[in-house]
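For reference, the structure is listed below as C-alpha cells.
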Amino acid sequence: MLKLAIFGSGSGTNCQAIIDAVEAGMLDAEIRCVLSDVADAYILERARKHHIPAIHFDCAPFKTKLDGEAEQKVLQILEDHDVNFIALAGFMRIVKNGLLNTYAGRIINIHPSLLPSFPGLDSGKQAFDYGVKHTGCTVHFVDAGVDTGAIINQKTIAIEDSDTRESMMEKLHAQEHIAYPEALQWIAEGRIQLDGRRITLGPCLSG
C-alpha cells in the first residue's frame, strides 16, 4: 500500500481528488499527511476536514525551492509519519536533492500540459496563447529537471474556438482529477515502476 504525503501550495483540488479516490476504495493508499509551504493554503483545510494531519512548513530563506534546513525538517516529518511515497499537487517549489535522493523513484507530480510541450510555469496560458487545438495534463515522475521526469499518465482535451482560457482550464482540471488517482493506483498495483529514467510496465498495461 502507498503511504502518501501530498504536498501543495494552493487550494488542493487534486489533493481532494486523491482523498476522494481513497475513501471510495478506488485507490489502494493511505494519506499519512498533507504538507504546505503556505500557512493558510486551503489544501490544509481539506486535510483537516478528513482528519488527515495537516502540516505547514516554512521554506525561508528560499523563495522558489525546498532546500537546506527546511528540507531536513520536511524529511523528518515524512519519517515521523512513515511516508513511502510523495504526490506533488500544486506544490510551487523546486524539489532538491535531499528529497529526490531519499525518495528516488517515489515522487510524482501533475502538470497542466501534455509534456514535453509547455513545461514550467503558466503552461495553460502558454498552450492557450500558442493556439494549440489540444492540450491536457501529465502525471510524471519527478527528477532534478523541470517537468522532465518519465511520463506515467496523460489526458487530452480539445480547445474549441469558443473556449476562453478559463473554460479551457476547467476542462483540464476535470481531467487532472481523473488522471492523478488513476496513475497512483497503477503504481500501488505495481503496474508501473521507474527503472532509471524509463518506466517499466506491468502485464496489465503492456499486453
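Are any residues in segment 160-192 of a type in the set (Val, Ile, Thr) and in contact with a Phe, Trp or Tyr (Cβ under 7 Å, 6 or more places away or on another chain), and if so, which ones? Correct list: 192 only.
Could you please find all residues in segment 23-39 being touching a residue at least 40 places away in the same chain (Cβ under 8 Å) and over 24 Å from residue 58 (Cα atoms)? The answer is 26, 27, 28, 29. Condition test on residue 82, is it touching a Pro at 6+ places or on another chain (Cβ under 9 Å), over 16 Å from residue 108 (Cβ atoms) and acidic (Asp, Glu)? Considered against the rule, which asks whether it is touching a Pro at 6+ places or on another chain (Cβ under 9 Å), over 16 Å from residue 108 (Cβ atoms) and acidic (Asp, Glu), residue 82 comes out as no. Pairs linking a residue in segment 127-144 that is touching a residue at least 12 places away in the same chain (Cβ under 8 Å) to a residue that is aromatic (Phe, Trp, Tyr), with Cβ atoms under 7 Å and 6 or more positions apart or on different chains, are 127/118; 139/180. Of the residues contained in segment 171-194, none is found to be more than 30 Å from residue 25 (Cβ to Cβ) and not in a strand (DSSP E or B).
Of all residues in segment 145-166, those being under 17 Å from residue 89 (Cα atoms), of a type in the set (S, T, N, Q) and in contact (Cβ under 8 Å) with a residue 40 or more places away in the chain number 1.
Residues in segment 113-134 that are among the basic types (Lys, Arg) and assigned to a helix (DSSP H, G or I): 125 only.
Can you work out which of the residues in segment 5-26 that are assigned to a helix (DSSP H, G or I) and polar (S, T, N, Q) is surrounded by the most Cβ atoms within 10 Å (Cβ to Cβ)?
Residues of segment 5-26 assigned to a helix (DSSP H, G or I): 13-23.
Still in the list and also polar (S, T, N, Q): 13-14, 16.
Numbers: 13: 18, 14: 26, 16: 19.
Once the filter is applied, the top-ranked residue is 14.
Looking across segment 17-37, the residues that are out of contact with any Phe, Trp or Tyr (no Cβ under 7 Å at 6 or more places or on another chain) and over 17 Å from residue 55 (Cβ atoms) come down to 20, 21, 22, 23, 24, 25, 26, 27, 28, 29.
If only one of 143, 82 is of a type in the set (Asp, Glu) and touching a strand residue (DSSP E or B) at 6+ places or on another chain (Cβ under 7 Å), which one is it?
Values: 143 fails: touching a strand residue (DSSP E or B) at 6+ places or on another chain (Cβ under 7 Å).
Exactly one of 143, 82 is of a type in the set (Asp, Glu) and touching a strand residue (DSSP E or B) at 6+ places or on another chain (Cβ under 7 Å), namely 82.
Filtering segment 88-144 to residues that are of a type in the set (Lys, Arg), farther than 22 Å from residue 63 by Cβ and loosely packed, with under 15 Cβ neighbours inside 10 Å leaves only 133.
Identification of helices (runs of 4 or more DSSP H) wholly contained in segment 27-112 with 3 or more residues that are modelled with pLDDT of 95 or more and over 27 Å from residue 198 (Cβ atoms) yields 42-49, 68-80.
Checking every residue in segment 190-198 against the condition of being modelled with pLDDT under 95, under 17 Å from the mean Cα position of the chain (by Cα), among the hydrophobic types (A, V, I, L, M, F, W, C) and surrounded by 15 or more Cβ atoms within 10 Å (Cβ to Cβ) gives at least one match.
The values are calculated or read from the model by the stated rules, or taken from the named source; none is laboratory data. Being a predicted model, the structure only gives us computed values, none of them experimental. Methodologically, a virtual Cβ is constructed for each residue, glycine included, from the backbone with ideal geometry; neighbour enumeration extends over all protein chains shown.
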